[in-house]
Amino acid sequence: MVEGGAGKIIEWVRPHVPESSDGILTSAGICEGFAGAGVGLSVLIFAGFAGLVAGTLATSAAEYSKLRAGRDQQMAQLARERVQIETVPDAELDELTQLYVSRGLSPGLARQVAIELTAHDALAAHAEAEYGITPASLTSPLREALAVGVAFAAGAMLPWLAIVLIPGPSRAPVTFVIVLLALGLTGWISARMSDIHPVRPVIRTAGIGILSMLITYIAGLLLHP
C-alpha cells in the first residue's frame, strides 16, 4: 500500500486517468479525420486546437453540472435533517437507533451508539447513517471540474502536438502509433492503480483507439470533396 505524498498523488490521479484517455481519443479522432481529408497544416493546427479547447470546456462543464446537482441535493438533505433534529430530536434519535439495528447492532448497543454520536455531532451522524454523506463526499464541484478539464487537455495535447510537429506524409501514421502507445500507457496506469492485471485494459483501450482513428481517418478520406 502506498502512503504519504505518493499515495495522495495516486488518489488524485486515479479517477482522472479516463479523462486523459478520452482527451487522447477525441483529439486523435479529430486530427486523423482532418489528416485523412488531406487538408493543409494550418487547418490541422486550427482543427486540433479547436477540438482540444471545445472538448476541455465541454468535459469540465459536464462534470461541474453533474457534481453541482449532486451537491445541491446533499445540501437540501442536510437542511431537512437539521430541521428535524431541532424539532423532533427524540424521533430522530429513535430513527438513528433503528438504522444501526438494521446494520447488525443489538438494540442496546445501537441505542448507546446513537446517543453518543448525537451528543458529539447529531447532524453528521444522521447525514452519514441516512444518506452516506461525509465531509469527504462533499466535494467541490469547481475544483473537480477543473481537474477533469486539466486531465482531458493533457491527453488531448499529445495527438495535436504529434500531428503538428511531425512533418510530411508520415504525419498520420506516426501520430497513429504515438496515440496507440499513449492509450496503452493510460490503460496500464489505470490497471496498476486498481491492482488488476494490465493486459486486458491495455488491449481494450488500444483497440478502441485503433477503431476510433480508423473510422475518422476513412471518413475524412471518403467524405472530403
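Just a few scattered comments:
- Residue among 32, 86, 19 with the largest mean-square fluctuation in a Gaussian network model of the chain, springs linking Cα atoms under 10 Å: 86
- Normalised contact order of the chain, rounded percent, pairs of Cα under 8 Å and 6 or more residues apart: 40 percent
- Pair residue 174, residue 221: separation of 7 Å Cα→Cβ label points (nm): 2.0 nm
- If R0 equals 41 Å, the separation of the Cβ atoms of residue 54 and residue 94 corresponds to a calculated FRET efficiency of about 0.15.
- Likely footprinting exposure, 218, 30, fewest C-beta neighbours within 10 Å first: 218, 30
- Coupling constants for region 147-161 follow from the phi torsions by the Karplus curve (6.51 cos²θ - 1.76 cosθ + 1.60, θ = phi - 60°), and in residue order they are 5, 5, x, 5, 5, 4, 4, 4, x, 5, 5, 4, x, 5, 5 Hz; glycine and proline get x.
- Residue 41 paired with residue 143, simple spin-label distance in nm, labels 7 Å along Cα-to-beta-carbon: 4.3 nm
- Distance from region 42-72 to region 75-153 (C-alpha centre basis), Å: 33 Å
- Sequence-distant contacts, meaning Cα pairs under 8 Å at least 6 residues apart, place the relative contact order of region 69-137 at 32 percent.
- Subtracting the Cα-Cα distance of residue 61 and residue 195 from their residue separation scaled by 0.36 nm leaves 45.2 nm.
- Each pair of Cα atoms in region 69-137 enters the Kirkwood radius, and Stokes-Einstein at 25 °C and 0.890 mPa s then converts it into a translational diffusion coefficient of 201 µm²/s.
Read-outs throughout are calculated quantities, based only on the coordinates presented, and are distinct from any laboratory measurement. Computed from a predicted model, the values in this text were never measured in an experiment. All Cβ positions, even for glycine, are placed from backbone atoms using ideal geometry, and neighbour counts span all protein chains on display.
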